[in-house]
Amino acid sequence: MLSYQHIYHAGNLADIHKHLALSIILEAMTMKSKPLSYMETHAGRGIYNLRSTESLKTGEANIGILSLSLASKIGKDTGYYKAIEKVRKSLGKDFYPGSPLLARLLLRDYDSLNLMELHPEEYRVLHKTMWSFANVHVHKRDGYEGVLAISPPIARRGLILIDPSYEVKTEYEKAGKFVSKIHRKWAEAVIMVWYPLLDAGLHENLKKIILERDFPKLYVSEVSFKKIQRDKGLKGSGFIIINMPYGIKERLDKLPDIFSN
Ligand code: SAM
């Protein structure tokens, strides 16, 4: 099933939680000059117009990245903030980078990016967004199968972002089991898996599958949204990191402060 389109949710509170953490990880990993391999199982289209009909329909960006009080808590010195500013300067103030473009802006020309996206229209826009970057490879392919097939890469320092749309209940189990599969093939990879906190509590299954394994350097972050910020039952946002890079725990621990009052 491929009915989910991230344009309705881009720049919302969950995106801020996920994208800010992603940028913190990438900032830490690029402190060393060694090349990195970056992969995404579920890339989306890479760029979003927050004034599009779809985005305005939900209004999620308005209480997310377009909220001045919230944006001021993110910090102008973060890679995340600087990347958004770069996108706004080049494309206009209404534009927001998805995870693929954000990652590219934080990585170097000699790092490699492999991005999987199955939805034909999302793939088309992703391809158009990323084609000018020589080190980015965009695949119209199932993300789980695609990332497994090309792992481990030659440059074994790297990060995999797993960010499914969770359209079906079984996706939680699938994403959880995928973490074990990919870790077996590419043990050094930093793995970040995002999940929504919903009233139904379906994410507990994903967490259980991952937490009962003895993964190295594991970190869990969850933030709750205030009632007024919740959309369609989205109570909050969570992610798990495996092989968390050294030195970022303190910054990640502070993420919930951004979403409190
Ligand atoms: N990571 C993106 C970001 O943060 O900007 C958002 C990704 S969105 C939550 C999930 C995307 O996965 C959608 O664009 C959807 O079309 C795509 N998708 C769904 N199933 C897929 C699959 N099996 N393989 C690859 N992409 C898939």
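The values are calculated or read from the model by the stated rules, or taken from the named source; none is laboratory data. These numbers come from a predicted model, not from an experiment. As a convention, Cβ positions derive from the backbone with ideal geometry for all residues, glycine included, and neighbour counts pool all protein chains shown. Side chains included, ligands, DNA and RNA excluded: accessible areas come from the protein's heavy atoms. Shrake-Rupley method; radii C 1.70, N 1.55, O 1.52, S 1.80 Å.
For region 37-139, the spread of Cα coordinates along the three principal axes comes to 36, 31, 23 Å, biggest extent given first. Per Stokes-Einstein, at 10 °C and 1.306 mPa s, what whole-number D in µm² s⁻¹ belongs to the chain, with the Kirkwood radius over Cα pairs as the hydrodynamic radius? Reported coefficient: 87 µm²/s.
Annotation for region 69-111 versus region 145-219: alpha-carbon center distance of 25 Å. Taking amide H as placed 1.01 Å from N in the peptide plane, HIS137 has its amide H under 5 Å from the amide H of LEU113, ASN114, LEU115, each at least 5 places away in sequence or on another chain.
Applying 0.36 nm per residue to the separation of SER90 and ALA134 and subtracting their alpha-carbon distance, the gain on full extension is 13.9 nm. Across region 1-61, the fraction of Cα-Cα pairs farther apart than 20 Å, rounded to a whole number, is 39%.
Packing here is the average count of other Cβ atoms within 10 Å per residue, and on that basis the peptides 234-240, 158-164, highest first, run 158-164, 234-240. Protein heavy-atom surface of region 175-261, 1.4 angstrom probe: 52% of the accessible area is carbon and sulfur, with nucleic acids and ligands not counted.
Computed from the C-beta positions of ARG156 and GLU212 and an R0 of 25 Å, the FRET efficiency is 0.45 to the nearest 0.05. Estimated at 0.36 nm per residue, the fully extended path between GLN5 and ASP253 surpasses their Cα-Cα distance by 86.3 nm. The residues of the chain have, on average, 46 Å² of accessible surface per residue, using a 1.4 Å probe with all protein chains present.
Approximating the spin labels as points 7 Å out from Cα along Cα→Cβ, the SER67-to-GLU188 distance works out to 4.1 nm.
For the peptides 206-213, 71-78, the ranking by mean Cβ contacts within 10 Å, running from highest to lowest, is 206-213, 71-78.
With the convex hull drawn over the C-alpha atoms of region 77-126, the volume per residue is 92 Å³. Across region 6-259, Cα pairs under 8 Å and at least six residues apart give a relative contact order of 23 percent. Residue-normalised convex hull volume from the C-alpha trace of region 109-202: 110 Å³ per residue.
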